[in-house]
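K.L.:
Please find one structure pasted underneath; my questions will follow.
The values are calculated or read from the model by the stated rules, or taken from the named source; none is laboratory data. What you see is a predicted model; the values in this text were computed from it and never measured. Glycine gets a Cβ as well: all are built from the backbone with ideal geometry, and neighbour counts include every protein chain shown.
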Amino acid sequence: MSRRAIVTAMLLGALGFGGCMREPPPERWTTMTARAHREADRRLDAGDAAGARARLLALVDAQKAHAGDSAERRLALQDSYFRLARLALSDHDPRQAVAYADAGLAYGTAPHLFVANLLVARGAALEAAGDARAAAADYQRALLINETLLGQAAGPR
Amino acid sequence: MNPKDPHDADLEAEPSPEERAEAEALARALEAGEAIAAPLPDDALGAAALLRHARRTQDGNEPARAGARIAAAEARALAAVDGRRPRRRWWWLPALLVPAGAAAGLIATVTLTTRPAEVASAVSPAGTAIPKPPTTLLEAQANAAHAGGDLSALDRQMRDYRRAYYAALGAGDTEEP
C-alpha cells in the first residue's frame with residue numbers, strides 16, 4: 001500500500017470518527033413542548049395524574065427560562081399552566097388551581113385561545129372556592145375572547 | 001367686469017325693443033328728477049342694462065350735469081346688481097366637512113375602544129400559518145365558561161388542537177430549546 005493511500009485512509013477514518021462523535025442537533029423547543037404534552041396525555045390516559053403533573057411541572061420549569069424570548073413561547077407556557085390548573089381542579093384543589101391560573105395569566109392577558117382557557121380554569125376554580133362573583137367575571141372575559149375567536153373561525157381561512 | 005360671468009354677457013347683449021323703451025323712460029325720469037311713473041323692472045341686472053342703454057341714448061349735447069346724474073344712478077344700480085348677483089357659496093364646504101369629520105372621528109374612537117382587541121397573530125414568526133381553533137373547540141370552551149360548565153370536553157378538544165398548533169409552529173421553528 002502506497003504512502004498516499006495510507007494517508008488518505010487515515011484522513012477518511014478521522015472524518016468518519018468525527019462525524020460519529022458529533023452531537024445530534026438540539027431538539028426544537030416546539031418539538032420538546034409537543035412531546036412533553038403527549039407524555040402527559042399518555043400518563044393521564046393511564047390514570048397517572050401525578051406523573052402527568054410532574055411532567056408538566058418539568059415542562060413549565062424549562063419554558064419559564066425562555067418565556068421572554070417570543071410571544072409563542074410565552075403562550076406555550078400559559079398553555080402548560082392551564083393544564084396544571086385543570087389537574088388541580090380534578091384533584092379538588094381550587095386554591096392551587098387559582099394559583100396556577102394566576103401564574104399563567106401573569107404572562108399576559110392579550111386575547112388568545114390559551115388566555116381564554118386560563119380564564120375558564122380560574123373561573124371554575126373560583127366557583128369551586130365559592131367566589132361566584134369573581135368566577136362570573138372570569139367567565140365573561142373568557143367568553144369575550146371566545147366570541148372574537150368564533151368570528152375569526154367563521155371568516156376566511 | 002368678469003368676461004366669464006354669464007351676467008356680464010347679459011349686460012353686454014343688445015337690448016330688446018321693450019328694454020329700449022323702458023330705458024328711455026328711465027332716462028327721462030332720471031334726467032328730469034321726477035318720479036318714475038312706470039314701474040321699474042324688478043330685476044336689478046335688467047335695471048343696470050337699461051341704465052347703460054339709457055346713457056347711450058343720451059343726446060351728445062346734453063350737459064355734463066345730466067351725465068353725472070346718470071352716472072350716479074348707474075353706480076347705485078350697479079351696487080344693487082352686485083348685491084343681488086348670486087355669489088358662489090363656499091360656506092357649505094366647512095359647514096359640511098367639519099361635522100362630518102367630527103362624526104368620523106367619533107365613530108373611529110368608539111369603534112376602537114369598544115371592539116374586542118384583535119386576537120394574536122395566526123402566523124408564526126417564520127411565516128407558517130398557525131391553524132385557527134376549530135369551532136368545536138371554541139364551542140367546548142364556551143360551554144366550559146359557565147357556572148357548572150364541563151371542562152373535560154375542552155380538555156379533549158385541546159389535545160387535538162395542541163398537536164396541530166405545535167406542529168405548525170415547529171414547521172417554521174429554527175430556534176433552539
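K.L.:
Please indicate, with yes or no, whether at least one residue in segment A:99-115 is in a loop (DSSP other than H, G, I, E, B) and away from chain B (no Cβ under 13 Å).
P.N.:
The answer is yes, given that some residue of segment A:99-115 is in a loop (DSSP other than H, G, I, E, B) and away from chain B (no Cβ under 13 Å).
K.L.:
Select from segment B:133-158 the residues that are surrounded by fewer than 17 Cβ atoms within 10 Å (Cβ to Cβ) and more than 14 Å from A:Ala153 (Cα to Cα) and list them in ascending order.
P.N.:
Of everything in segment B:133-158, those that are surrounded by fewer than 17 Cβ atoms within 10 Å (Cβ to Cβ) and more than 14 Å from A:Ala153 (Cα to Cα) turn out to be B:Asn143, B:Ala147, B:Gly148, B:Asp150, B:Ser152, B:Ala153, B:Arg156.
K.L.:
Just to be sure, is A:Leu119 touching a Lys or Arg at 6+ places or on another chain (Cβ under 6 Å) and buried (at least 16 other Cβ atoms within 10 Å of the Cβ)?
P.N.:
Yes, satisfied.
K.L.:
Among B:Ala153, B:Ala147, B:Ala140, which is out of contact with any Gly (no Cβ under 7 Å at 6 or more places or on another chain), at pLDDT 90 or above, under 15 Å from A:Leu119 (Cβ atoms) and more than 8 Å from every other protein chain (Cβ to nearest Cβ)?
P.N.:
When all the criteria are applied, what remains is B:Ala140.
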